[in-house]
Amino acid sequence: MNITDTSDLWWKSAVVYCLDIETYMDDNNDGVGDFAGLARRIDYLADLGITCLWLMPFYPSPDRDDGYDISDFYGIDPRLGNHGDFVEVIRTAKDRGIRVIVDLVVNHTSDKHPWFVSAKRSRDSFYRDFYVWRDEPPANEQPTVFPGEEASVWEHDPRTDQYFQHVFYKHQPDLNIANPRVRDEIVKTVGFWLALGVSGFRIDAVPFLIEPPDGVDLGDPHDFLRDLKRFLQRRSSDAALLGEVNLPFAEQLDFFGGERGGELDLQFDFMSMQALYLSLARSDPSALRESLAARPAVPDGAAWANFVRNHDELTLDKLSDAEREEVFEAFAPEEYQRVYGRGITRRLPPMLDGDPRRIRMVYSLLFSLPGTPVLFYGEEIGMGENSDVPGRGAVRTPMQWTDGKNGGFSQTSPGRLVAPMPGDGYSPEHVNVLKQRNDPDSLLQFIRHLIRRYRVSPEIGWGELELFETSADGVLAHGVLSPLGRMIALHNFTAVPVRTRVEIGAVEEGTMLLDLHGPERMALDVSGRVELELAPYGFRWLRVSPPGDTRIG
Ligand code: NOJ
């Protein structure tokens, strides 16, 4: 592949921003965010510099799992607007150079979906086989995803005297992927939203989605993903599939379609995200370094989606019990800050005691790792959680725009808000967009700057990872290497200043290192050996500029 042409495969150098319509901006002041509100905030997002908006589920839903329980795959939750408002957001975003991807949640439906309502009515229903039914739960029952909230993944239906499968909540019956009609419905849904102008999908719970029901031989379950990707390509030349696949790396590779690709275009790197928190807890980057070293190279056209926080619990399920305990102790010492025995319900800044140096170091890392950075709304201003809201809801509070009423999110009375604002040091009075927009030293301006640097450094999205030895244990030194250029980055995980030696290997005589966050330019010895200083929790990005390179940094 000629990677100097980066015009296609936009996702390889995109900056993705995830938001939930209902908590972003309320236009009609009923306490619930809406599409019209988001349309008024597209300019903010364009100014921030993001290039792809990921909309969490906005479909009609009983809303018992924050919209991940859908009762109509083609609809819009009437609280949020209608199809006209949706198209208006897509159009406005496109006009500002922002693509929109949407959540595709087809592992299950809500139990209020007309298919399930019919399926439950009788064993003879046309829709009965849209779901997974058994006379008895299988002997090798898999564990529930929500321990403490669900006891089993099978629920007895007294009317028809059979059990249905639900990997998630019992009000989310699993669709039967082995039924060709179900597969057709999924593809039709994808076609529908593509026709409305979306540029791809974040697919929910992919490993569960493609797994055939117990005892059913579907051949290769990955055929479904391959078919879906082919369909996407036929309908839209540049639509992307971003998959939620929280599995060890070796298994994730299969979801890209192996070394030849052809399935998911992007996958979240859950492994390195978890290793990052372990490294932060230890003030030692070794765990992250090991994870990055183990991360498989992606097939042509695919990419890792890097993230620090998402809308769910901060899962630590891939760490050992002892490692998880270390992270819990450092960042979630109280029981109420933990959930499902595996995750944390806090946002990053409170976990790092609000230390701006440490917070910035983490985001510098996010934007310097090979792959595609994904932000969760509010991260750019350092929002905290509301610990009065139990479980995952703690991090799903409304966006904080101003220090005014309800943080400028809505003019309704606080009691009518879709979710309560944090009331502590992270309340809108202290943390809001307006304040930070007018402060050149704010986190918002810093993230904006990182986004700009990332966007003009396509080697980060396209490059191969390099890992370097350093003489300081607390420093992670990595690089990105591609025909588009080469950059090295250093991150100090400790609270003390360090001077460290880095060896990047022999370089051409006359090669320079150009600081990407400041004016400094240094000549690099042909041996590629360099000594650098880092402030406590400091970081540096340095472009390796060979003789004749015309880029100025
Ligand atoms: C993963 C989503 O991220 C989560 O929020 C949801 O509860 C489950 N899938 C079920 O849809």
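The values are calculated or read from the model by the stated rules, or taken from the named source; none is laboratory data. Not measured: the values here are computed from a predicted model. Here the Cβ positions follow ideal geometry from the backbone for every residue, glycine too, while neighbour counts run over all protein chains shown. For the accessible areas, the whole protein counts, side chains as well, though only heavy atoms, and no ligand, DNA or RNA atoms are used. Shrake-Rupley method; radii C 1.70, N 1.55, O 1.52, S 1.80 Å.
Assorted remarks:
- Heavy-atom surface of the chain, accessible at 1.4 Å and reported per residue (Å²): 38
- Contact order relative to length of the chain, as percent, for alpha carbon pairs under 8 angstrom and 6 or more apart: 12
- Under 12 Å, Cβ to Cβ, from GLU520 - net charge with Lys/Arg +1 and Asp/Glu -1: +1
- Most to least packed among 464-476, 236-248, 97-109, 392-404 [average Cβ atoms within 10 Å]: 97-109, 392-404, 236-248, 464-476
- Ratio Rg/Rh, restricted to the stretch 464-545 and using Cα atoms, in which Rh is the Kirkwood radius: 0.94
- Summed residue charge, Cβ within 15 Å of GLY425's Cβ, Lys/Arg positive, Asp/Glu negative: -4
- Against the chain, whose longest principal axis comes from its Cα atoms, helix 83-95 is set at around 20 degrees.
- Only DSSP H runs of four or more residues enter the estimate; each adds -39500 (n - 2.57), and after division by the residues of the chain the mean residue ellipticity at 222 nm equals -7500 deg cm²/dmol.
- Looking at the chain alone, DSSP beta bridges between its own residues are antiparallel in about 60 percent of cases.
- Rounded to 10°, Cα long-axis angle of helix 321-331 versus longest principal axis of the chain: 70
- For the chain, with all protein chains in place and a probe radius of 1.4 Å, 48% of the accessible heavy-atom surface sits on carbon or sulfur.
- Listed residue pairs exceeding 21 Å between alpha carbons, taken from LYS12/LYS229; LYS112/LYS170; LYS170/LYS318; LYS188/LYS229; LYS229/LYS318: LYS170/LYS318; LYS229/LYS318
- Along its first, second and third principal axes, ordered by size, the chain spans 77, 55, 48 Å in Cα coordinates.
- A Förster distance of 56 Å, applied to the separation of the beta-carbon atoms of LYS112 and GLU469, puts the FRET efficiency at 0.45.
- Folded to 0 to 90 degrees: helix 222-235 orientation relative to the chain principal axis, Cα: 80
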